[in-house]
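One structure below.
The values are calculated or read from the model by the stated rules, or taken from the named source; none is laboratory data. Everything numeric here is computed off the predicted structure, so don't read it as measured data. Neighbour counts are summed over all protein chains in view; Cβ atoms, including those assigned to glycine, are modelled from backbone coordinates with ideal geometry. For the accessible areas, the whole protein counts, side chains as well, though only heavy atoms, and no ligand, DNA or RNA atoms are used. Shrake-Rupley method; radii C 1.70, N 1.55, O 1.52, S 1.80 Å.
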Amino acid sequence: MTFEEIYERHFKSVYCFAFNLCKNQILAEDITQETFVKALDNFDLFKGTCKINTWLCQIAKNQYFNILNKDNKIDYNSEIEGATSDSFVNRLLDHEDSAKIHRLLHTLSEPYKEVFTLRVFAELSFVQVADLFGKHESWARVTFY
């Protein structure tokens, strides 16, 4: 399979994953674009121990956190659409609360931090989280709680 075929087959799912992480169309497009650039640059490192889509989503997740860690120099929040009031997501949109939550999140050890991030921010199911780690759904549930 060529990289072009991989791009065509997985672009939409990587974009949807990125959008679920950030809830922002512009940022999701940037993350998706950077994901495929990094994947192309590092395609020789893909060992095939997981699905290609899982590998791409891991790259997208890392891109998202890299952007969060750059002191929010770009204001993507001005483009946020569809947030509902009184939701956890709205609290994240508040920059101060978001910074506090992310600081606390970074104090968690692995795999708890990543499982929490994938479940809450990316809104992945426990089955999807377990698949990313190569574990069972019950492991993902226990680790999250």
If a residue must be crowded, with 16+ Cβ neighbours inside 10 Å and over 23 Å from LEU27 (Cβ atoms), how many such residues does segment 101-134 contain? 5
Among the residues of segment 49-65, write down those that are over 11 Å from the mean Cα position of the chain (by Cα) and open to solvent by 40 Å² or more (accessible area, probe 1.4 Å). THR49, CYS50, LYS51, ASN53, TRP55
Every residue from segment 1-48 that is open to solvent by 40 Å² or more (accessible area, probe 1.4 Å), among the small types (Gly, Ala, Ser) and either under 12 Å from the mean Cα position of the chain (by Cα) or at pLDDT 90 or above (or both): SER13
Pairs under 7 Å by beta carbon, first residue modelled with pLDDT under 75 in segment 91-110, partner of a type in the set (Asp, Glu) and surrounded by 11 or more Cβ atoms within 10 Å (Cβ to Cβ), six or more apart or different chains? ARG91/ASP97
